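What follows draws every value from the coordinates through simple rules; no lab data is involved. Because the structure is predicted, anything quoted here is derived from the model rather than measured. All Cβ positions, even for glycine, are placed from backbone atoms using ideal geometry, and neighbour counts span all protein chains on display.
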Amino acid sequence: VEVTYEWRGAFENAELNELHAEAFEHRMLDDDWLGQVTGHSLGWVCARQAGLLVGFVNVAWDGGVHAFVLDTIVAKSVGRRGVGTALVAGAVDGAKAAGCEWLHVDFDDHLRPFYFDACGFTPTNAGLIALV
Ligand SMILES: CC(C)(COP(=O)(O)OP(=O)(O)OC[C@H]1O[C@@H](n2cnc3c(N)ncnc32)[C@H](O)[C@@H]1OP(=O)(O)O)[C@@H](O)C(=O)NCCC(=O)NCCS
């Protein structure tokens, strides 16, 4: 069945919490994703298959020309079929259409082939401080 992608697509917190818990292998949480992304993000992309939420990516924003990819997640049931790559392509399109000039991401070593080779990010220096 075809997977469809929608920039700023509608979703419910429960379905995204379920997908997030599956993708990052943590316990089910009760986060207010809708409040977070509608209040703070440039946008997000939802992937659906037969109505089911099978993928999501959040595009955070500085209010100017920088957007940031966070929480790229794909259901295991449709893993390694290009859904993650298509989600990031949707993030690129959405950020471009909004006038952004740069899209940033950071990730663990094992995802270098995903972000560099499949999604087309260029390696750069980045930094991170754990605040908790
Ligand atoms: C990372 C993730 C979003 C990838 O989604 P996906 O739909 O499976 O990715 P794609 O099918 O578009 O992958 C395209 C290519 O990227 C690379 N790739 C994807 N996932 C990979 C992984 N886990 N390890 C190494 N390479 C990977 C492969 O080269 C893949 O091509 P191939 O399947 O022909 O080998 C998904 O595995 C996921 O949800 N992981 C758990 C959550 C997570 O860590 N998210 C990233 C937060 S920064």
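Observations
Residues are listed down the side, and each one gets a yes or a no for (1) in contact with a His (Cβ under 8 Å, 6 or more places away or on another chain); (2) assigned to a helix (DSSP H, G or I); (3) farther than 18 Å from Ala67 by Cα; (4) in contact (Cβ under 8 Å) with a residue 24 or more places away in the chain:
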residue	(1), (2), (3), (4)
Glu6	no, no, no, yes
Phe11	no, no, yes, yes
Asn17	no, yes, yes, no
Ala23	no, yes, yes, yes
Asp30	no, no, yes, no
Leu34	no, yes, yes, no
Val37	no, yes, no, no
Arg48	no, no, yes, yes
Gly55	no, no, yes, yes
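- Residue within the stretch 88-100 that is of a type outside the set (S, T, N, Q), more than 21 Å from Glu6 (Cβ to Cβ), surrounded by 13 or more Cβ atoms within 10 Å (Cβ to Cβ) and more than 7 Å from the ligand (Cβ to nearest atom) present: no
- Test for Ala118: is it of a type outside the set (Phe, Trp, Tyr) and in contact with a helix residue (DSSP H, G or I) (Cβ under 6 Å, 6 or more places away or on another chain): yes
- When the stretch 64-84 is filtered for residues that are crowded, with 18+ Cβ neighbours inside 10 Å and either part of a loop (DSSP other than H, G, I, E, B) or hydroxyl-bearing (Ser, Thr, Tyr) (or both), the ones remaining, listed by number, are Thr72, Ala75.
- Of the numbered criteria (1) more than 7 Å from the ligand (Cβ to nearest atom); (2) of a type in the set (Phe, Trp, Tyr); (3) assigned to a loop (DSSP other than H, G, I, E, B), the one Phe116 fails is (3).
- Checked against the criterion of being within 16 Å of Trp33 (Cβ to Cβ) and touching a Lys or Arg at 6+ places or on another chain (Cβ under 9 Å), the stretch 79-97 has no qualifying residue.
- When the stretch 101-113 is limited to residues that are near the ligand (Cβ under 9 Å from one of its atoms) and under 13 Å from Val69 (Cα atoms), the one that is nearest to the chain's Cα centre (by Cα) turns out to be Val105.
- When Phe56 is tested against (1) within 24 Å of Val1 (Cα to Cα); (2) more than 11 Å from the ligand (Cβ to nearest atom), only condition (2) is not met.
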